[in-house]
Amino acid sequence: ERISILLSLAKKIAPENPARAKRYIGIAVALCKRHNFRLGKGQKLQFCKKCRNCWVLGKTVRVRLNKRTRSAEYVCSFCGAKRPLSYAGRKK
């Protein structure tokens, strides 16, 4: 419960104070490690895995689509790290 509270606080405060949002995310990740708890997919997509900055679509993260491989990826604006995704309505 505390982890989800910290992540929601980080998302709210990210536009005004990115350093504090980064600290909240660091605390949430440390709690996950300490208690051997995994974040859900929705929670993982709220921050950069490499630099721990909170992602705000259009401001701190770009979404790139690749039609050839039918995949999408998030690209962090701070460190350039990429997180691959798949299309939501993917047909096989």
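Read-outs throughout are calculated quantities, based only on the coordinates presented, and are distinct from any laboratory measurement. As the structure is a computational prediction, the values presented were derived from the model and not from experiment. With ideal geometry, Cβ positions are generated from the backbone for all residues, glycine too; neighbour counts draw on all protein chains shown.
Yes/no matrix, rows are residues, columns are (1) exposed (fewer than 14 other Cβ atoms within 10 Å of the Cβ); (2) in contact (Cβ under 8 Å) with a residue 12 or more places away in the chain:
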position	(1), (2)
Leu6	no, yes
Lys11	no, yes
Ala21	no, yes
Ala30	yes, no
Phe37	yes, yes
Gly40	yes, no
Cys54	no, yes
Arg68	yes, no
Ser71	no, yes
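Do we have any residue at all in region 83-92 that's surrounded by fewer than 14 Cβ atoms within 10 Å (Cβ to Cβ), part of a helix (DSSP H, G or I) and more than 12 Å from the chain's Cα centre (by Cα)?
First, the residues of region 83-92 that are surrounded by fewer than 14 Cβ atoms within 10 Å (Cβ to Cβ): 84, 86-92.
If we keep only those that are part of a helix (DSSP H, G or I) too, we end up with none.
Checked against the condition, which is being surrounded by fewer than 14 Cβ atoms within 10 Å (Cβ to Cβ), part of a helix (DSSP H, G or I) and more than 12 Å from the chain's Cα centre (by Cα), region 83-92 yields no hits at all.
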